[in-house]
1. Fewest to most neighbouring Cβ within 10 Å: what's the order for 46, 76?
2. Of 72, 16, 36, which has the largest mean-square fluctuation in a 10 Å C-alpha GNM of the chain?
3. Grab the DSSP H runs of the chain that are 4 residues or longer, score each as -39,500 (n - 2.57), total them, divide by all residues and round the 222 nm result to the nearest 500 deg cm²/dmol.
4. For the pair residue 90 and residue 20, how long in nm is the line joining their label points, each one 7 Å along Cα→Cβ?
5. Order of 73, 8 from fewest to most other C-beta atoms within 10 Å?
6. For the chain, modelled as a Gaussian network with Cα springs under 10 Å, which listed residue fluctuates most, 25, 63, 33?
7. Take the Cβ-Cβ distance between residue 54 and residue 80 as r, set R0 to 41 Å, and report the resulting FRET efficiency rounded to the nearest 0.05.
């Protein structure tokens, strides 16, 4: 099955972990804009944040963090981000 990706403009945000500026989010296999409760993986630090009711990013609750930690797909996406960032760092040095 073919995967689809789409970028969506979101309210200006910052990663609640590293402060990286975020104004777009991408949804894979889901052609609707991100909504409250959806996750966002930071492309700088690879931490997982959650959209609140106003689409602002926040750290996950303990229950959400437990669910996120158990999700192999999220872990694989975080590993990809970490690897790409390391490759970029090596290339730029």
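Computed from the coordinates by the stated procedures, all read-outs in this text should not be read as laboratory data. From a predicted model like this one, the values you see are computed outputs, not experimental measurements. Counting neighbours? That spans all protein chains shown, and the Cβs are built from the backbone with ideal geometry, glycine included.
1. Ordered by Cβ neighbours within 10 Å, fewest first: 76, 46.
2. Looking only at 72, 16, 36, the largest GNM fluctuation is found for 72.
3. Working: 2 runs with 29 residues, N = 93.
For the chain, the value works out to -10000 deg cm²/dmol.
4. Here the modelled spin labels are 1.9 nm apart.
5. Values: 73 8, 8 14.
Listed from fewest to most nearby Cβ atoms, that is 73, 8.
6. 63
7. Once the sixth-power term is evaluated, E becomes 0.90.
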